[in-house]
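See below for the structure under consideration.
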Amino acid sequence: MKIGLDIASMTLKRQVDTIVLVTGDSDFIPAAKVARREGVEFILDPMWQSVDGDLMEHIDGIASGFTKPYKIKD
């Protein structure tokens, strides 16, 4: 909840123009909606995990600063 409040606060104070959130959790839909409604670009980095379909509707894009890890076979 604290992260969502921080997103809303920074957005409404016009402190950011882009937010990159490292998650795929749909709990952040309300925060993403506030940010986008106020004109903030909302990017998701799910760290190569799946993203909830409902959350996908409320973001501007997916990006990652990391290369996709590979699995080591036993």
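The values are calculated or read from the model by the stated rules, or taken from the named source; none is laboratory data. Just so you know, these numbers come straight off a predicted model, no measurement behind them. A quick note on method: Cβ atoms are made from the backbone with ideal geometry, for glycine too, and the neighbour counts reach across all protein chains shown.
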Report task. Give the residue that is nearest to the chain's Cα centre (by Cα), with candidates limited to residues of the range 7-20 that are surrounded by fewer than 13 Cβ atoms within 10 Å (Cβ to Cβ) and closer than 16 Å to Leu44 by Cα. Result -> Thr18
Query raised in the report: Somewhere in the range 41-54, is a residue aromatic (Phe, Trp, Tyr), modelled with pLDDT of 90 or more, surrounded by 15 or more Cβ atoms within 10 Å (Cβ to Cβ) and part of a strand (DSSP E or B)?
Result: yes
Report task. Could you tell me whether any residue of the range 27-38 is in contact with a Ser or Thr (Cβ under 6 Å, 6 or more places away or on another chain) and small (Gly, Ala, Ser)? Result -> yes
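Among the charged types (D, E, K, R), part of a loop (DSSP other than H, G, I, E, B) and without any contact (Cβ under 8 Å) to a residue 40 or more places away in the chain, is that true of Lys68? Write out each step before concluding.
Numbers: among the charged types (D, E, K, R): yes; part of a loop (DSSP other than H, G, I, E, B): yes; without any contact (Cβ under 8 Å) to a residue 40 or more places away in the chain: yes.
For Lys68, the condition - among the charged types (D, E, K, R), part of a loop (DSSP other than H, G, I, E, B) and without any contact (Cβ under 8 Å) to a residue 40 or more places away in the chain - is met.
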Report summary line: Within the range 1-21, of all residues that are among the aliphatic types (A, V, I, L, M) and in a loop (DSSP other than H, G, I, E, B), the one modelled with the lowest pLDDT is Met1
Query raised in the report: Here are some residues: Ile59, Ile29. Which one is at pLDDT 90 or above and surrounded by fewer than 18 Cβ atoms within 10 Å (Cβ to Cβ)?
Result: Ile29
Report task. For Gly24, work out the one condition from (1) exposed (fewer than 14 other Cβ atoms within 10 Å of the Cβ); (2) part of a loop (DSSP other than H, G, I, E, B); (3) not hydroxyl-bearing (Ser, Thr, Tyr) it doesn't fulfil. Result -> (1)
Report task. Determine whether Ser9 is of a type in the set (Gly, Ala, Ser) and free of Cβ contacts under 8 Å to residues at least 24 places away in the same chain. Result -> yes
